[in-house]
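S.K.: Starting off with a structure, shown below.
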Amino acid sequence: MGVTVLPDLGTEILIPVCAIIGIGFSIFQWMLVSKVKLTSGSAASNNSGGSGKNGHGDYLIEEEEGINDHNTVLKCAEIQNAISEAASGRSTLMPTGWEWYFLPPIVFLEFFLDLQITDGSRALLLTSCFLGEWLAMKYTSSFWRGHILDCATSFLYTEYQYVGIFMVAFAILIFVFLGSVKGFSTKSQPCTYEPLKFCKPALATAAFSTIAFVLGAVTSVISGFLGMKIATYANARTTLEARKGVGKAFITAFRSGAVMGFLLAANGLLVLYIAINLFKLYYGDDWEGLFEAITGYGLGGSSMALFGRVGGGIYTKAADVGADLVGKVEMNIPEDDPRNPAVIADNVGDNVGDIAGMGSDLFGSYAESSCAALVVASISSFGINHEFTPMLYPLIVSSVGIIVCLLTTLFATDFFEIKAVNEIEPALKNQLIISTVLMTIGIAIVSWVALPSSFTIFNFGTQKVVKNWQLFLCVAVGLWAGLIIGFVTEYYTSNAYSPVQDVADSCRTGAATNVIFGLALGYKSVIIPIFAIAVSIFVSFSFAAIDNAGGIAEMAGMSHRIRERTDALDAAGNTTAAIGKGFAIGSAALVSLALFGAFVSRASISNVDVLTPKVFIGLIVGAMLPYWFSAMTMKSVGSAALKMVEEVRRQFKTIPGLLEGTAKPDYATCVKISTDASIKEMIPPGALVMLTPLIVGIFFGVETLSGVLAGALVSGVQVAISASNTGGAWDNAKKYIEAGVSEHAMSLGPKGSDPHKAAVIGDTIGDPLKDTSGPSLNILIKLMAVESLVFAPFFATHGGLLFKIF
């Protein structure tokens, strides 16, 4: 219906170039992080000299406080020699007494470097002053691998075994179900939306959907792996920089996060763009079939993210609850103390859930949102008229987003300086504001150059005429709705504001009032995000009829001020993680709505009437599913945590000298408890999500399935927001008391006081809410929708068996 300013050749150049720029920028940030050398404190100080970035000199905090850093390095060197010699068979040199305080960091880093496991919040804490020398002469013995390392290796190996089996089985299922739609015919068939034209056979769609599914699944797993690798690499460097000042630690942490973010976004964009062009070689002008097959890419990405989130969440929270309740509350020892038997499982598990799970989740979110927008576009004038540039409008927006985020990153690392702890959260908030403003400008430009002045969008059997400025408003409204959700999430989860401070204050009278206040906060935090999502949906449908698409620092005996600095990053990281989860949940609602619309169109449903019994029973069952899923994941964490608490108590009671630090705990048993629990317990929730659309579609039909999707969407979004914000608030209420940065906070502390113990209990209750059930629910919402979309032709042809019989 019109021409675009940006030619097709420009699109073919722009998208891969932006993706390559994103990958190149991530490598550049990696190189900058690598400049932080893992050397002893004195060496680091002498080598750098002068005034450092962000107004901090390069002298170390140990030197500032008169601590002999050289002695610490010598002690660590002795331990390294002891480990090497013991591993060579000279067991008389095994570390004893105080030396065990320095051993866990070495085990941790060997553990992490071999398995690429790290933590979302503690990732910035896991290092010590002596690890540079150890990394330079990294031993290759099997002594420790034969104990703790083998337990962790078996976790990842077993998890990927299960995931691999699922991937193969589900890929076969996709091919069989979709191929049977037309009896595995290899003949061309009339197109669904253009009956006068012929499209590729259903068997081809089945084959290419299967390929796309496997491609998405593999990319999702790689995304999680890369995330762990990157964060692991930054752990030591961030804590070393914290010895020089919070500003330097912030820059190192932020740059390492940018490496992961840009790498995932750019890789996801590039892989999807290449897949589209390769599929296009076969499909030619059959864009309807092409983009139906591409939806398998989103299904593969989300299915892997679900298992990563659930499995990692169960692992980490089982260890976290055991470590906190027994170690901090009962034994009154610090967090990440090496005397705690669950400390290794705690740190490793956090990393599996927060980094690997988040990496896969980020990729899954991008893949699903892109696939949803592409499917909607393919049945509109873009696809019907084979307009390449407008068709790839979602990918062009993503490409511009990479450039915008690149510029935004520079504001945090180069244009502005972080000189104090209280400047961290404002700097992160500025990132949201700057990126939103710049992205709005970018979307306006893209909408002008990549869209014709007017076009049509498929709307329940009709083509609605839309202007390019209307589509711009739809995307912009969704963008600003995300900013609002981010600000609301920050307000309700940051200890800089009254809601979290009120939760902390409620700890004066014990854990019960803390729990009550925390639950109330979570429920209340749902209100504004839901209104923001509702307004965004209304505007989108009105205009375009669519949806807008410090552990090791403490263990190594480093200064308490370093721990304070890394704790500040940790608290800011908790808030940032909560904001990220808020974005993910909000986008899940909008993406699921787009996928729902595409499913209704692809399944040839003319009207979704909630007064129809078929639809209403699906609606009420779908609304129940998030509660069923949450119950399964919460109980899984509780069961594993129960075993962990009993094991940690047993070791403190039966191992002489453990509390005094003269004997070492049995880390391996705690690791095994978390490993066994996560592998066993991740299967039922995953099966619930993956099998529900299949069972409903086959036995009850597409009308009932549409009700299930709508019910799960409406219910799941609100449960997810509440769970994530409640857990985040409890966590930061605890940190508010521990930090003691205000007179009010000091009145509730110090660590070990009754209010602090009540806060720890609230934190442990909130852990599975914010790190297991809450983040997994947004995957549930999207995954059920994209799975229904992929299998829609099969359900429309062969589904509803019970209604056909009765």
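The values are calculated or read from the model by the stated rules, or taken from the named source; none is laboratory data. What you see is a predicted model; the values in this text were computed from it and never measured. Note that each Cβ is placed from the backbone with ideal geometry, even for glycine, and that neighbours are counted across all protein chains shown. All accessible areas refer to the heavy atoms of the entire protein, side chains included, with ligands and DNA or RNA removed. Shrake-Rupley method; radii C 1.70, N 1.55, O 1.52, S 1.80 Å.
S.K.: For a protection proxy built on the mean count of beta-carbon atoms within 10 angstrom, sort 634-643, 260-269, 188-197 highest first, please.
M.R.: Working: 634-643: 19.9, 260-269: 23.6, 188-197: 13.3.
Top of the packing list down: 260-269, 634-643, 188-197.
S.K.: Quick one: which of LYS35/LYS419; LYS37/LYS734; LYS751/LYS782; LYS429/LYS735 span more than 30 angstrom between C-alpha atoms?
M.R.: LYS37/LYS734; LYS751/LYS782
S.K.: Using a probe radius of 1.4 Å on heavy atoms only, what accessible surface per residue do you get for the range 160-308? Whole Å² is fine.
M.R.: Accessible surface, normalised per residue, equals 34 Å².
S.K.: With all distinct Cα pairs included, what does the Kirkwood hydrodynamic radius of the range 276-401 come out to in Å, to one decimal, could you say?
M.R.: On the way: mean 1/r = 0.0577 Å⁻¹.
One over the average 1/r among Cα pairs gives 17.3 Å for the range 276-401.
S.K.: Given a 1.4 Å probe, how much area per residue of the range 588-698 is accessible, in Å²?
M.R.: Result: 43 Å² of accessible area for each residue.
S.K.: Shape verdict for the range 577-624, please, from the Cα gyration tensor: rounded (a/c under 1.5), prolate (a/b greater than b/c) or oblate.
M.R.: Because a/c hits 1.5 or more and a/b fails to exceed b/c, the range 577-624 counts as oblate.
S.K.: Here is a further query. Name the shape class, rounded, prolate or oblate, that the alpha-carbon gyration tensor gives for the range 426-546, where a ≥ b ≥ c are the square roots of its eigenvalues, rounded holds for a/c under 1.5, and otherwise prolate holds if a/b is larger than b/c and oblate otherwise.
M.R.: Verdict is oblate for the range 426-546.
S.K.: Please report the relative contact order for the range 397-448, taking Cα pairs under 8 Å with a sequence separation of at least 6, and give it as a percent rounded to a whole number.
M.R.: In percent, rounded to a whole number, it is 58.
S.K.: Leaving out ligands, DNA and RNA but keeping every protein chain, what accessible area does ILE172 have, in Å² rounded to the nearest 10, with a 1.4 Å probe?
M.R.: So the heavy atoms of ILE172 present about 100 Å² to solvent.
S.K.: Using a 10 Å cut-off on Cβ atoms, rank the peptides 776-782, 4-10 from the highest mean neighbour count down.
M.R.: In descending order of packing, they fall as 776-782, 4-10.
S.K.: Same structure again: Under the rule a/c < 1.5 gives rounded, and otherwise a/b versus b/c splits prolate from oblate, where does the range 258-306 land using the Cα gyration tensor?
M.R.: It is oblate, given that a/c is not under 1.5 and a/b is not larger than b/c.
S.K.: Using only the Cα atoms of the range 450-505, what do you get for the radius of gyration and for Dmax, in Å?
M.R.: 19.6, 57
S.K.: Rolling a 1.4 angstrom probe over the protein heavy atoms, how many square angstrom per residue are accessible across the range 403-473?
M.R.: 47
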